[in-house]
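Single-structure report; data block below.
All of the numbers you see were taken from the coordinates with simple rules; none came from a lab. Because the structure is predicted, anything quoted here is derived from the model rather than measured. Don't worry about glycine lacking a Cβ; one is built from the backbone with ideal geometry, like all the others, and counts go over all protein chains shown.
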Amino acid sequence: MKEQIKFSGKQLIQLKNTVISNFDSSNWVELGAITNMLDEVENHPRLLRSLSWNDTDYDGVALTVLRDIIGENNENLKDVQEYMAKKFVVAGEDISSEQTEGRKIIFSPNIFNIPVEDVDSSLVSVMMPFSTNFSLIYESIKEASSDAGFSCKRVDDIWEHSTVIQDVFSLIFRSHIVVCDFSGKNPNVFYEAGIAHTLGKHVIPITQSESDIPFDLQHHRYLKYLNNNEGLKSFKEKLKSRFLTLAA
């Protein structure tokens, strides 16, 4: 008898998301054969049909069948995980939002919790100092986001966790684009930009002064703006153009 392995609902959802993103009928058949569940896969009334026809119930059917394959006591879990690891990057482990050819870095952070939610291709997040001096700038970014078809959030727009930095990480993780305002050399923004780059996000540096761009980031293109009505109007149009270029 195979050793029973502890398995959470969150892990099940992560495996299911990998299945939805990557599986074709041959993957289901292979997984069924490996776990001695081939009959259940091939004879299921909805699984392969809903996959083939891209039916709306496929997500739920896939979750149910995957749970059945794993087994009531998780006896096939190890086989399922090994198959997934060999074939694909399991959702929740590859935490980059950008798929690139070549090597991939897979890691699990020990400081942050990885959000259950997937990356939102319509979400822009903004990392900037929490000062009233930046209020009009944030409003300009929100308007540019809206004009380009994106939603826009800053960490003070949400309160989901007991620690602010977890909310920051979760917001960056879910975002397609991250705007980082380096004006004033705020160390928090530098830290948040590092998180965004590590997660493979599209980072748009902005600043009121090029001297505020750290040396290690000076090779990245950035948007410089003036914090007045005319300057913010021009900035909004340039930022909107950049958003449209990066639209998924």
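Numbers below:
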item: DSSP-assigned coil residues among GluC sites (Glu not before Pro) in the range 115-158, each with at most 11 further Cβ atoms within 10 Å; result: Glu117
item: Asp118 long-range amide H proximity, modeled H, under 5 Å; result: none
item: Solution diffusion estimate, µm²/s, Stokes-Einstein, the range 145-248, Kirkwood Rh from C-alpha pairs, 25 °C, viscosity 0.890 mPa s; result: 169
item: Anchor Lys238: aspartates and glutamates whose Cα lies under 18 Å away (excluding residues fewer than 8 positions away in-chain); result: Glu139, Glu143, Asp147, Asp181, Glu210, Glu230
item: Ascending count of other beta-carbon atoms within 10 Å, so fewest first, for Phe23, Phe243, Phe7; result: Phe7, Phe23, Phe243
item: Amide H contacts under 5 Å for Val203, placed H, 5+ residues apart; result: Val178
item: Cα-centred dipole magnitude for the range 9-87, charges only on beta-carbon of K, R (+1) and D, E (-1), debye, nearest 20; result: 300
item: Dipole magnitude of the range 123-246, debye to nearest 20 (Cβ charges: Lys/Arg +1, Asp/Glu -1, about Cα centre); result: 320
item: Trp28, Trp159 arranged by Cβ crowding within 10 Å, fewest neighbours leading; result: Trp159, Trp28
item: Residue-averaged [θ]222 nm for the chain, counting only DSSP H segments that reach four residues, each worth -39500 (n - 2.57); result: -14000 deg cm²/dmol
item: Stretchable slack from Ile165 to Glu30, in nm (0.36 nm times residue separation minus alpha-carbon distance); result: 44.4 nm
item: Within the chain, longest stretch free of exposed trypsin sites (Lys or Arg not before Pro) [DSSP loop, at most 16 other beta carbons within 10 Å]; result: 105-184
